[in-house]
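The structure appears right after this line, and notes come after that.
What follows draws every value from the coordinates through simple rules; no lab data is involved. Just so it is clear, the model here is predicted, and its values are computed rather than measured. Note that we place each Cβ from the backbone using ideal geometry, even for glycine, and neighbour counts take in every protein chain shown.
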Amino acid sequence: MHWIVCPDEKAQARACAAIIAAQVLQKPSSALGFATGSSPLKTYAELIELKRQGVVSFSQVMTFNLDEYVGLPCGHPQSYCRFMWDNLFTGMDMREEQVHIPNGMAADLDAECRAYEQAIADAGGIDLQLLGIGHDGHIAFNEPGAEFSRFTHVETLNARTVEANKRFFESADDVPRTALSMGVGSIMRARRILLTAYGKDKAEIIREAFLGPVTPALSASILQFHSDCTIVLDREAAGSLG
Ligand code: F6R
């Protein structure tokens, strides 16, 4: 694993954007995996800035998002689809046909999960997957469990994740309890992984996930076995590494 510890959140976002931009400069038709949430937000703003400066173009990339709530259409303000268009895709001038996000409104969710895996395979696999990490160690929505999930699937969110994500909704009751999520296996098949986290409240889980044992009770820990995984942190998130 490669570690990059940045002085602050701004530098951390710039480092992530630079790594993603370099990937696209080297392979303009890259398949990029994206995450939602607070962790990548500033990275997306930096990517839009790099595009504005003419450093990078997403005109040939394909994108695959990690997850989507079940029951929220793309127009819903809290859907991950809407998040991505508002925070990245529109700013990068992307076309709808470049973008893949699991459809949480699909009538047959299992068929949607299978089709999503097929779309990733048809794109030749994901070149670079950006990840955040949940307070319980989840990546995508892979909550602590008895085994690592292999493929995109329907996941039930645990109470801690509902609690963490309620900040985006009017109340915890409005947070959907299920989501479509790429599996840990889907993530591990990406050729490169870029995980980013900032702030004190992520310091302990970063230590447990990457210096502790590899266990499905902490999904992110399996990234220790990935051959090309870079972790970009600010000083606070790196604070428990010793
Ligand atoms: C979101 C996702 C989640 C988040 C994680 C951290 O697409 O896959 O695993 O990365 O919940 O969320 P933040 O960044 O909001 O702390």
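List of remarks:
- Scanning the stretch 5-50 for residues that are in contact (Cβ under 8 Å) with a residue 40 or more places away in the chain and hydroxyl-bearing (S, T, Y), we see that the one that is farthest from the ligand (Cβ to nearest atom) is S30.
- For the stretch 51-74, a tally of residues being under 19 Å from Q26 (Cα atoms), in a loop (DSSP other than H, G, I, E, B) and within 14 Å of the ligand (Cβ to nearest atom) returns 0.
- Residues located in the stretch 100-135, provided they are in contact with a Pro (Cβ under 7 Å, 6 or more places away or on another chain), within 16 Å of the ligand (Cβ to nearest atom) and part of a loop (DSSP other than H, G, I, E, B): G132
- Only one of the numbered conditions (1) surrounded by fewer than 23 Cβ atoms within 10 Å (Cβ to Cβ); (2) in contact (Cβ under 8 Å) with a residue 60 or more places away in the chain; (3) more than 26 Å from A197 (Cα to Cα) is violated by E97, and that is (2).
- Highlighted here are the helices (runs of 4 or more DSSP H) found entirely within the stretch 136-242 that include at least 2 residues which are more than 12 Å from the ligand (Cβ to nearest atom) and closer than 30 Å to A106 by Cα: 184-188.
- Test: residue in the stretch 52-59 that is surrounded by 20 or more Cβ atoms within 10 Å (Cβ to Cβ) and of a type outside the set (A, V, I, L, M): yes
- Any pair with Cβ under 7 angstrom, 6 or more apart, that starts in the stretch 163-177 at a residue that is over 14 Å from E143 (Cβ atoms) and among the aromatic types (F, W, Y) and ends at one that is within 15 Å of the ligand (Cβ to nearest atom) and part of a loop (DSSP other than H, G, I, E, B): F168/Q78; F169/Q78; F169/V175
- Among residues of the stretch 63-83 that are over 14 Å from M182 (Cα atoms) and in contact (Cβ under 8 Å) with a residue 12 or more places away in the chain, those with a Cβ under 6 angstrom from a residue that is polar (S, T, N, Q) and buried (at least 16 other Cβ atoms within 10 Å of the Cβ), sequence gap 6+ or separate chain, pair up as L72/S79; F83/T36.
- Index of the failed condition, A13 passing every other in (1) under 17 Å from M94 (Cβ atoms); (2) surrounded by 19 or more Cβ atoms within 10 Å (Cβ to Cβ); (3) among the hydrophobic types (A, V, I, L, M, F, W, C): (1)
- When E97 is tested against (1) out of contact with any strand residue (DSSP E or B) (no Cβ under 7 Å at 6 or more places or on another chain); (2) part of a loop (DSSP other than H, G, I, E, B); (3) of a type outside the set (A, V, I, L, M); (4) away from the ligand (no atom under 11 Å from the Cβ), exactly one condition is not met: (2).
- The stretch 163-210, residues that are over 18 Å from the mean Cα position of the chain (by Cα) and of a type in the set (V, I, T): V175
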